[in-house]
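Computed from the coordinates by the stated procedures, all read-outs in this text should not be read as laboratory data. Quantities reported herein were computed from a predicted structural model and do not represent experimental measurements. Glycine also receives a Cβ, built like all others from the backbone with ideal geometry; neighbour counts cover every protein chain displayed.
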Amino acid sequence: MPSFDQTPDKPQSFGYKVSWFAVKAAGPGPVLDSLQCGEGTPANWASGLAVAAEGGSEAWVFVSPPVSGWVLIVGRWLPHPAVIGSERQIGRKFDILFSRLMQRFDEVQFFGSYRVVGFVAWARALMGKPMRIF
């Protein structure tokens, strides 16, 4: 298990080569419940983002404290929208997670980027309905 620092710090940039959901929520608890990935471990921004960006043999995500009413789910291996070729299974996983989040929260957005291959993605749901998946 990675080492997590719990010393409070400020939000930090997480850059490219990462995907994230922005969920309109008052706190991380309900968001963690929606992920259905087990118990969370408290972490500050620096240590949480560092582990989420590593990847490695375990796919970790960082679930932030609220920032102006939004909770961020950040991870290098989060599924993304995809409908063709070998990416179809990843797309199905994205559909399941996006659906789970948009059924529970009024607004959900997804962003993804990986500049090496020119990958960018964006999705938005309002009031339980997908508005855009690009």
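Odds and ends about this structure:
- In this structure, the amide hydrogen of residue 18, modeled 1.01 Å from its nitrogen in the peptide plane, lies closer than 5 angstrom to those of 113, counting only residues at least 5 positions away or on a different chain.
- Under the combined filter of DSSP loop state and at most 16 neighbouring Cβ atoms within 10 Å, region 1-108 retains these GluC sites (Glu not before Pro): 39, 58.
- Between residue 7 and residue 116, the FRET efficiency from the beta-carbon distance, with R0 = 41 Å, is close to 0.80.
- 222 nm mean residue ellipticity, helices alone, for the chain (DSSP H n ≥ 4; -39,500 (n - 2.57); rounded to 500): -8000 deg cm²/dmol
- Cβ-based charge dipole, the chain, positive-most Cα from 49, 79, 117: 117
- What you get for the chain, charging only the Cβ of Lys and Arg (+1) and of Asp and Glu (-1), is a dipole of about 540 debye around the Cα centre.
- Charge context of residue 16, other residues only, Cβ under 11 angstrom, K/R +1, D/E -1: +3
- Between residue 134 and residue 88, the distance separating the two model label sites (each 7 Å from Cα on the Cα→Cβ line) works out to 2.7 nm.
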